[in-house]
Amino acid sequence: MYLFANATIYVGLALAIYSLLIITLGISTKNQKLINSGKGGVIAILVCASMAMLSLFYLLATSQFQYEYVTDYTSSELPIIYKLTALWAGNSGSLLLWTFFLVLYTVMIAFSRKMRGNPMVPYISAILLGNIVFFFLILGFVAKPFVLLDQVPIEGHGLNPMLQNPGMIIHPVTLYLGYVGLAIPFAFAMAALILKNVDDFWIKMTRRWTIIAWLFLSLGNIFGGQWAYVELGWGGYWAWDPVENASFMPWLTATAFLHSVMIQERKNMLKIWNISLIITSYALTLFGTFLVRSGVLTSVHAFANSNLGLYFLIFMGVAVIGALYVLMSRYSLLKRSAGEFNSYISKESSFLINNLLLVGAAFGVFWGTVFPLVSEAVRGTKVTVGMPFFNTVQAPILLSMMFVMAVCPLLAWQRSSLKNLKKNFLIPAILAVVAMALMVVLGIQKAWAVIGFGVIVLLFITHFLEFYRGVKARRKMTNEKVYLSLYRLMTKNRRRYGGYIVHIGIAFIAMGIIGSQNYDVQTMKTVNLGDSIELKDYRINYERLDQKREGINDIVYAEMTVFKNGKRIGSIMPEKVFYGNWDQPSSEVGLISSLKEDLYVVLSDWEDDGKATFIVKINPMITWLWIGSFMIVIGSLFAVWNGKYQNITPRYTGVRKEVS
Amino acid sequence: MKRKIYIGLLLIAFIFQASIIQVQAKEFDYKSKEFEAVASQFMCTCGCGQDHFECDPKTCNLTVGFKEDIVEMMNKGWNKEKIREYYVNIYGEEILTAPEKSGFSLVAWVMPFVVLILAGVAIFFIIRKWVKKKETEVQTPDNESDKDEVEDEILSSMIEEERKKYL
């Protein structure tokens, strides 16, 4: 098994090098046979990567502790699902997963039905193969997943209990799919530039792949937040940890790209900017990996310190310099189509503001993340840049972003006249102001909250009007029923209405963030058995404290009955779990969710006589955060859903080459 | 007389001391807003990545003592700034959850907005350049400029309607 497993890595590396060289040779000699051989090589690499994955799954599932990785991240009593998911708990395993996804995406592109006969394919494959070679080199010589120990231990070290949660099964997988996915737009952009192919074919294909990567990146962050909320026991979902920031930055720049690409499609402008955004997004994924694996910054997510980060930094440097070289060498070609605007106020201008804010937010996150290093380098003093900094800096930028998002749909392309502005915005603006006044009257008096909710109301109204006016226009001509008309309107403009669904999802998330950040209340109380804790409308009766054993873990739990306004609404069982092979216990929170608020109870401490200490929190509007997240998924899927391809798949009209 | 005053003072001191003991004995709510305002300024160094307000005393011994010290200082009447100064003097700026808003650390706060404003000004000039370029080329008729996407929508609906009739 040892030989087989290691062979999958080294044969994979050899095949990756072979495929890269043979495709490059095929391109330069215009020999289709060589290209086909390279493509066959990509399939063989997928077989190797799959075998490597299966080998590690097998070793983990069967607790083969003679392997270092299996010993480090599993133990024999671990449930089978967590034994398997330990594959991405450590450095080398997670890099293997990354490699597997990268190879999978490469095969999907190389053998894509839509890309058949397309001369960009060999170039895209070669660029992705360059990435694959790097990852196989890392797996083969730096972070080896299949290392044998000198002495076989009887038991493994076990999996960090924080990772033993359903959220942790999906979170890393989706995040990696997002990270790896951003390599595809990068490869498309580079291939297009090398081919001097500056028509909009590549950008349409790239946009599609970017939405997919963006969706996975969003999902990764959402699952991560959800996991933090239920597992860490601090009642929050986003801590602005360097590693969280590392996944948020490419998300922001990819979002900027998805918007500015529309200007390129419509007006053939911003080509250099769009390619720069793609390069930046890709570079930021590598930068994130550098942060996680180098240990230069303190993070709860970080893998054990290793020199792996350095390799990623070098690779990132090579990729960015290479990309900038290609970009500069095609500068005159791209510059040729520099465009023009009809007016200061138009949808185009609003997209530029949108890009400014999104990239500005990404810069703010980047700056805050690296500032400890800057401070240490400049004055030799370490500083911590945590939540208060990011909340203060990001809140105004992201709120402005929400405002642009609210206003943009009603701005016309080309030019918005005063008449047009008045017609579109008077009623929504009045309604938003009325809503804000109503909030103040009803007791919401924190300035940020009122402004934030006001902007969200404006967003809902403008987006509703978009749907309403579209349906009205259709019905005027076709006499269709309302729902049919809405359905047809949306399915004929998937991207646009999918985008609006995503906007509404973002608004829901913003509602959850503003509500939970501004109006949460909490208390920490020590109570005797039979006593109760009161907080706002809630009364929580503490009825029982007991202990149970699950496998090698001891669980202390409290049984509590919850009343709201005197009416029983349910019971909860907050737990503290003590792991047999881990020093730190973890909290399983007691949670009762509703659309209005979450009741969140943590068992903090207890004494022998049954007296216990609880942290009780009321987090308003958290559920909207999850509803919004769900809508983002729906909206993104709706936008990329193929149907009959009529909206999505463009025809290739670029330069012709002999090989494809 | 003097003796009576001494006894009186002693009595007052005794009553006062008792009240202090009572205040300290009363359970302190570590999740109160006033405690949050003070404790959330300080980063826990146990590796949890949380501040001393959030860090769980059950899993971190470091925060237990830290929380008690903060409460003691609050009981002494120290305000948020004084407590902050006290800890920064001992541990340096690193103990804070966010950089100071003075000296070099101010750069951390200001830089994102400076960059944003500069980029905003640059975008304004770019848009101005593009608009001027357009103006010098051709005047767009007013009726075309008012055209919006709903009209596009109507048009596409009409085309579809016609298509259904004839195809």
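Below are the figures for this structure:
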{"item": "Meets criteria (among the small types (Gly, Ala, Ser), farther than 30 Å from A:PHE257 by Cα and modelled with pLDDT under 95) for A:GLY380", "result": "yes"}
{"item": "Filter result (in a loop (DSSP other than H, G, I, E, B), in contact with a helix residue (DSSP H, G or I) (Cβ under 6 Å, 6 or more places away or on another chain) and more than 7 Å from every other protein chain (Cβ to nearest Cβ)) within segment A:373-412", "result": "A:LEU411"}
{"item": "Condition check for B:GLY92: modelled with pLDDT of 90 or more and either within 27 Å of A:VAL393 (Cβ to Cβ) or surrounded by 12 or more Cβ atoms within 10 Å (Cβ to Cβ) (or both)", "result": "no"}
{"item": "Exclusive hit being more than 12 Å from chain B (Cβ to nearest Cβ) and within 35 Å of the chain's Cα centre (by Cα), set A:ARG488, A:ARG495", "result": "A:ARG495"}
{"item": "Residue that is nearest to A:PHE389 (Cα to Cα) [pool: residues in segment B:71-109 that are of a type in the set (A, V, I, L, M) and more than 10 Å from chain A (Cβ to nearest Cβ)]", "result": "B:LEU106"}
{"item": "The listed residue being within 13 Å of chain B (Cβ to nearest Cβ) and in contact with a His (Cβ under 7 Å, 6 or more places away or on another chain), out of A:TYR500, A:TYR519", "result": "A:TYR500"}
{"item": "Considering residues of segment A:573-584 that are outside any strand (DSSP E or B) and in contact (Cβ under 8 Å) with a residue 40 or more places away in the chain only, the residue surrounded by the most Cβ atoms within 10 Å (Cβ to Cβ)", "result": "A:PRO574"}
{"item": "Of all residues making up segment A:296-312, the number that are buried (at least 18 other Cβ atoms within 10 Å of the Cβ) and either at pLDDT 90 or above or in a helix (DSSP H, G or I) (or both)", "result": "4"}
{"item": "Among the residues listed as A:GLY610, A:GLY570, the single one being at pLDDT below 95 and assigned to a loop (DSSP other than H, G, I, E, B)", "result": "A:GLY610"}
{"item": "Those residues of segment B:86-110 which are touching a Lys or Arg at 6+ places or on another chain (Cβ under 8 Å), assigned to a helix (DSSP H, G or I) and in contact (Cβ under 8 Å) with a residue 40 or more places away in the chain, in sequence order", "result": "B:GLU94"}
{"item": "Answer residue from segment A:185-202, given it is surrounded by fewer than 21 Cβ atoms within 10 Å (Cβ to Cβ) and part of a helix (DSSP H, G or I) and is modelled with the lowest pLDDT among those", "result": "A:PHE201"}
{"item": "Selection from segment A:439-485 of residues that are polar (S, T, N, Q), closer than 24 Å to A:TYR500 by Cα and at pLDDT below 90", "result": "A:THR478, A:SER485"}
{"item": "Complete set of residues in segment A:523-537 that are surrounded by fewer than 20 Cβ atoms within 10 Å (Cβ to Cβ) and under 37 Å from the mean Cα position of the chain (by Cα)", "result": "A:THR523, A:LEU535, A:LYS536, A:ASP537"}
{"item": "Residues of segment A:585-601 that turn out to be part of a strand (DSSP E or B) and either on the phi > 0 side of the Ramachandran plot or not aromatic (Phe, Trp, Tyr) (or both), as a count", "result": "11"}
{"item": "Subset tally (residues that are under 24 Å from B:PRO57 (Cα atoms) and either in contact with a Ser or Thr (Cβ under 9 Å, 6 or more places away or on another chain) or within 14 Å of chain B (Cβ to nearest Cβ) (or both)) for segment A:558-591", "result": "21"}
{"item": "Candidates A:LYS423, A:LYS446, A:LYS476, A:LYS472, filtered to the one that is within 14 Å of another protein chain (Cβ to nearest Cβ), within 27 Å of A:LEU352 (Cα to Cα) and not hydroxyl-bearing (Ser, Thr, Tyr)", "result": "A:LYS423"}
{"item": "Answer from A:SER94, A:SER50, A:SER125 - the residue that is within 24 Å of A:GLN164 (Cα to Cα) and not aliphatic (A, V, I, L, M)", "result": "A:SER94"}
{"item": "Unique match (being at pLDDT below 90 and in the same structural domain as A:LEU139 (by TED's automatic domain parsing)) among A:SER76, A:SER50", "result": "A:SER76"}
{"item": "Enumeration of residues in segment A:481-504 that are without any contact (Cβ under 8 Å) to a residue 12 or more places away in the chain and crowded, with 17+ Cβ neighbours inside 10 Å", "result": "A:ARG496"}
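Each row is one residue, and each column tells you yes or no for (1) under 20 Å from the mean Cα position of the chain (by Cα); (2) in the same structural domain as B:SER32 (by TED's automatic domain parsing).
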position	(1), (2)
B:GLU72	no, yes
B:GLU81	yes, yes
B:ARG84	yes, yes
B:TYR91	no, yes
B:TRP130	no, no
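Listed here are the residues, each with its yes/no results for (1) assigned to a helix (DSSP H, G or I); (2) surrounded by fewer than 16 Cβ atoms within 10 Å (Cβ to Cβ).
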{"site": "A:ILE23", "(1), (2)": "yes, no"}
{"site": "A:SER37", "(1), (2)": "yes, no"}
{"site": "A:GLY41", "(1), (2)": "yes, no"}
{"site": "A:LEU46", "(1), (2)": "yes, no"}
{"site": "A:ALA49", "(1), (2)": "yes, no"}
{"site": "A:LEU54", "(1), (2)": "yes, yes"}
{"site": "A:LEU59", "(1), (2)": "yes, no"}
{"site": "A:GLN64", "(1), (2)": "no, no"}
{"site": "A:VAL70", "(1), (2)": "yes, no"}
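The values are calculated or read from the model by the stated rules, or taken from the named source; none is laboratory data. Predicted model only: the values in this text are computed from it and were never measured. Neighbour counts are summed over all protein chains in view; Cβ atoms, including those assigned to glycine, are modelled from backbone coordinates with ideal geometry.
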